[in-house]
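To start, the structure under review is shown below, and the notes come after it.
The values are calculated or read from the model by the stated rules, or taken from the named source; none is laboratory data. As the structure is a computational prediction, the values presented were derived from the model and not from experiment. Every residue, glycine among them, receives a Cβ derived from its backbone with ideal geometry; neighbour counts consider all protein chains shown. The protein model used for the area step is the full one, side chains on, heavy atoms only, and it has no ligands, DNA or RNA in it. Shrake-Rupley method; radii C 1.70, N 1.55, O 1.52, S 1.80 Å.
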Amino acid sequence: MATTADIRNGMVIDHRGRRMKIVSFLHVKPGKGGAFVRTKLKNVVSGQVIDITFRSGEKINPVRLDSKKMQYLYAQSGSFVFMDLDTYEQVTVPGEVVGDDAQYIKEGMTVVVNSVEGEVLDIEPPLFAELQVSETEPGVRGNRATGGFKSAVLETGLRISVPLFVDEGDVLKVDTRTGDYVERVT
């Protein structure tokens, strides 16, 4: 058993029989009364996000999270297939679990797959992904009405803002936490 002092972002706890992932938390010490912890919890099954307040020192039940590096192989009818790099065992993960992270992964990429008791909770793509531009408008020199940026569609379907000098076929480094353009690789 742990207490609210042990709460960390990304921690998975058992709250009233449901597995909940801590999205954010804030320790509050009001001038009058006892301290408490405000948390945003995400249900790992349904994806629902709720706000829960715990009293300071209240017991929580953490769930042991297993993290493995796996290689993304391919997509198959709404699911994603990953391979364990140690045992070469393949795991099929439903598209709902992968969610928006699917826009940052491509075949052959290594990701971290988080699971509890064999049930996959989510995946963590690398911090930066190198993705090729599949569609963008040509950049016109002197066109500064849009602040020097234009829209581009990457090979995974992700749409981001890029500088005017980026062309189709360029490989870009994208921050997977924010979805922002970082730099042109080639």
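A quick yes/no check of all residues on (1) surrounded by fewer than 17 Cβ atoms within 10 Å (Cβ to Cβ); (2) within 30 Å of K29 (Cα to Cα); (3) modelled with pLDDT of 90 or more:
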residue	(1), (2), (3)
Y74	yes, no, yes
V97	no, no, no
D122	no, no, no
Q132	yes, no, yes
V140	yes, no, no
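The single condition from (1) open to solvent by 60 Å² or more (accessible area, probe 1.4 Å); (2) over 24 Å from the mean Cα position of the chain (by Cα); (3) of a type in the set (A, V, I, L, M) that I60 fails is (1).
Looking at the structure I just gave you, is G157 at pLDDT below 95, more than 23 Å from G95 (Cα to Cα) and open to solvent by less than 80 Å² (accessible area, probe 1.4 Å)?
Numbers: at pLDDT below 95: yes; more than 23 Å from G95 (Cα to Cα): no; open to solvent by less than 80 Å² (accessible area, probe 1.4 Å): yes.
No; evaluated as a whole, the condition is false for this residue.
When we screen K21, K59 for residues that are free of Cβ contacts under 8 Å to residues at least 60 places away in the same chain, out of contact with any helix residue (DSSP H, G or I) (no Cβ under 6 Å at 6 or more places or on another chain) and charged (D, E, K, R), the only hit is K59.
Sub-8 Å Cβ pairs linking a first residue in segment 82-105 that is more than 17 Å from A129 (Cα to Cα) and of a type in the set (D, E) to a second residue that is assigned to a strand (DSSP E or B) and open to solvent by 40 Å² or more (accessible area, probe 1.4 Å), at least 6 apart or interchain, are D84/K68; D84/Q90; D86/K68, ordered by first then second residue. When you scan segment 60-69, do you find a residue that is touching a Leu at 6+ places or on another chain (Cβ under 6 Å), at pLDDT 90 or above, closer than 25 Å to A129 by Cβ and part of a strand (DSSP E or B), even just one? Scanning segment 60-69 turns up at least one residue that is touching a Leu at 6+ places or on another chain (Cβ under 6 Å), at pLDDT 90 or above, closer than 25 Å to A129 by Cβ and part of a strand (DSSP E or B).
Only residues that are among the polar types (S, T, N, Q), open to solvent by 50 Å² or more (accessible area, probe 1.4 Å) and either over 23 Å from M11 (Cα atoms) or touching an Asp or Glu at 6+ places or on another chain (Cβ under 8 Å) (or both) were counted in segment 99-120, giving 1.
Could you please let me know if F54 is surrounded by 12 or more Cβ atoms within 10 Å (Cβ to Cβ) and either within 17 Å of V120 (Cα to Cα) or of a type in the set (K, R) (or both)?
Values: surrounded by 12 or more Cβ atoms within 10 Å (Cβ to Cβ): yes; either within 17 Å of V120 (Cα to Cα) or of a type in the set (K, R) (or both): no.
When the stated conditions are applied, F54 does not pass them.
Considering segment 117-133, and only residues there that are over 12 Å from the mean Cα position of the chain (by Cα) and not polar (S, T, N, Q), the residue that is nearest to G179 (Cα to Cα) turns out to be A129.
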